[in-house]
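Before any comments, here is the structure.
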Amino acid sequence: MMARPAGLGRGLSALLEDSPAAVAGDTQGIRQLPIDKVEPHPDQPRRQFDRPALEELAQSIAQRGVLQPILVRPVGDRFQIIAGERRWRAAQIAQFHEVPAIVRDSDDSAVAEMAIVENVQREDLNALEEARAYAALVENFEYSQGDIAKRVGKSRSHVANLIRLLELPEAVQQMLMDGRISMGHARALIGQDNAVELANHAIAHDLSVREVEALVKKGRPPQKASAGTTAAQNNPDIAALERQLGDLLGLKVQVSHGANGGKVQLGYRTLDQLDMICQRLSGEAI
């Protein structure tokens, strides 16, 4: 039996666990496919590919070859990529005529899920690409937000918050996609009738997330703090830090801070999420 690579969690080891090469250690399960017979999946969640990063990968492939096979499914006389589109693109730049691949039959919902798992765990998606991928699972395959959270190793609130980004006007979504505003800025603008105007104002004046939140809250009556008010509710800096870390990790984060220091708590519900935390802390590749 081929040993399962350590630390991959629900990454490619999970995607390939049913393939002949992964299960039986049979190298015949990996085929060399003509590059021109392989095509990307039309609903691949990742839409933007960094050209310098692709060229760097292409240089590595030119020297060492494609070390990890891509995952494809047969479609007529061609093959559709489930996972590994970056490697396929880089192999073309390196002027390879063939690419190693594992071929497996998968239905549309399985393909969509596997593509999201690979991209999310490798941090290859921007916030909107991730949000659209989750929304497609909900709309096309009737996944619940809880189902998605379990499969990608994120919290349900992270999935819900990302999907809500799709409520923003297209202009604001484009600003987020281009990196002109951050996810924190975008979240503050959800549900605002003047979201485009506020986003443009934030860009023009280089406003922080806290400053945008303050603009949004203008005119709202102040809310009384309850007896159970947390440190984050009392301190907007801590609240912003919790949101930033939560967006980065896809987990619930709570920061407690006092005169003598404090603590950072990361909430997880599944072993996959715990595995992801351990990998991030140890610097292990995901």
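The values are calculated or read from the model by the stated rules, or taken from the named source; none is laboratory data. Model, not experiment: these values are computed from the prediction. Note that we place each Cβ from the backbone using ideal geometry, even for glycine, and neighbour counts take in every protein chain shown.
Numbers for the structure displayed
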read-out	value
The range 150-161 - residue that is in a helix (DSSP H, G or I) and modelled with pLDDT under 85 and, of those, farthest from GLY246 (Cα to Cα)	ARG151
Pick from the range 204-238, criterion in a helix (DSSP H, G or I) and exposed (fewer than 13 other Cβ atoms within 10 Å of the Cβ), ranking: modelled with the highest pLDDT	ALA204
ILE35 being modelled with pLDDT of 90 or more and either of a type outside the set (Phe, Trp, Tyr) or on the phi > 0 side of the Ramachandran plot (or both)	yes
ILE93 vs. criteria surrounded by fewer than 21 Cβ atoms within 10 Å (Cβ to Cβ) and of a type outside the set (S, T, N, Q)	yes
Residue within the range 65-84 that is part of a helix (DSSP H, G or I), at pLDDT 85 or above, surrounded by 22 or more Cβ atoms within 10 Å (Cβ to Cβ) and not charged (D, E, K, R) present	no
Residue match in the range 8-27 (condition: surrounded by 21 or more Cβ atoms within 10 Å (Cβ to Cβ), more than 17 Å from ALA133 (Cβ to Cβ), modelled with pLDDT of 85 or more and in contact with a helix residue (DSSP H, G or I) (Cβ under 8 Å, 6 or more places away or on another chain))	no
Filtered residues of the range 124-161 (kept if surrounded by fewer than 16 Cβ atoms within 10 Å (Cβ to Cβ) and polar (S, T, N, Q))	ASN140, SER144, SER157
When residues of the range 239-263 are limited to those that are surrounded by fewer than 18 Cβ atoms within 10 Å (Cβ to Cβ) and farther than 25 Å from LEU128 by Cα, the one modelled with the lowest pLDDT	ALA259
Subset of the range 128-154 [farther than 24 Å from MET175 by Cβ and hydroxyl-bearing (Ser, Thr, Tyr)]	TYR143, SER144
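Here's the yes/no breakdown for (1) of a type in the set (S, T, N, Q); (2) within 25 Å of ALA135 (Cα to Cα); (3) free of Cβ contacts under 8 Å to residues at least 40 places away in the same chain:
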{"site": "PRO34", "(1), (2), (3)": "no, no, no"}
{"site": "HIS41", "(1), (2), (3)": "no, yes, no"}
{"site": "GLN44", "(1), (2), (3)": "yes, yes, no"}
{"site": "PHE49", "(1), (2), (3)": "no, yes, no"}
{"site": "LEU67", "(1), (2), (3)": "no, no, yes"}
{"site": "ARG73", "(1), (2), (3)": "no, yes, yes"}
{"site": "ILE81", "(1), (2), (3)": "no, yes, no"}
{"site": "GLY84", "(1), (2), (3)": "no, yes, yes"}
